[in-house]
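First, the structure itself, so that you have it in front of you.
The values are calculated or read from the model by the stated rules, or taken from the named source; none is laboratory data. Just so you know, these numbers come straight off a predicted model, no measurement behind them. Neighbour counts run over all protein chains shown; Cβ positions are idealised from the backbone, glycine included.
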Amino acid sequence: MNTCIILFITLLLSLSNIPLAASHCEIPCGIYGDETRFTMLEEDITTVEKSMTMIAELSKAGEKNYNQIVRWVNNKEKHADLIQESVSQYFMTQRVKPVDEAKPAEHKKYLKELTLLHEMLIYAMKTKQTTDQANVEKLRSLLQAFKTSYLGSAVSK
């Protein structure tokens, strides 16, 4: 009996270390706002940019601090993943709704937004693959273009 209790406690302790998912649920609760998502995406892009800068700086050092380089690479990966998650799990699955071709103007806007979101996914992936800041700038410009389309032309920069 004691062995079962010890195994149960061990299992509970090991499960308590599992990170909780921070993504938004896929039920239409209306709790989270679009502006918050845009702010989070902008912060994630800036974090990826900072991570790339630090990786480049630390890599130039004569005596490299591999621990710090790895930490910055992990940070870059994490925030690129968060970008992809927000784009796919929030905007593509919940917010950007399909529009029938019988409504040509709305359908054109829908296709434009899908294309921008898809490109954001690709450039987030490219930020994982390299430390090329051009990928960050492209990601930032895609986000601004999507934000303008999604929220309207009165979006502040």
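Please go through segment 46-72 and pick out each residue that is out of contact with any His (no Cβ under 8 Å at 6 or more places or on another chain) and under 15 Å from residue 124 (Cβ atoms).
Hits for segment 46-72 are 46, 49, 52.
Something else about it: Tell me the residue from 37, 95 that is at pLDDT 95 or above and among the basic types (Lys, Arg), please.
After applying the criteria, what remains is 37.
Of the conditions (1) surrounded by 15 or more Cβ atoms within 10 Å (Cβ to Cβ); (2) part of a helix (DSSP H, G or I), residue 131 fails just one. Which one is it?
(2)
Let me ask something else. Could you please give the count of residues in segment 97-128 that are free of Cβ contacts under 8 Å to residues at least 12 places away in the same chain, part of a loop (DSSP other than H, G, I, E, B) and exposed (fewer than 12 other Cβ atoms within 10 Å of the Cβ)?
Looking only at that region, the number is 4.
If you scan segment 47-80, which residues turn out to be surrounded by fewer than 19 Cβ atoms within 10 Å (Cβ to Cβ) and among the small types (Gly, Ala, Ser)?
Within segment 47-80, 56, 59, 61, 62 meet the criteria.
If I filter segment 90-120 down to residues being of a type in the set (Val, Ile, Thr) and within 18 Å of residue 33 (Cα to Cα), which single residue comes out as nearest to the chain's Cα centre (by Cα)?
So the residue we want is 93.
Are there any pairs, at least 6 apart or on different chains, whose C-beta atoms fall under 8 Å, with the first in segment 63-90 and among the polar types (S, T, N, Q) and the second not in a helix (DSSP H, G or I), and if so, which?
These pairs meet every condition: 89/23; 89/24; 89/26.
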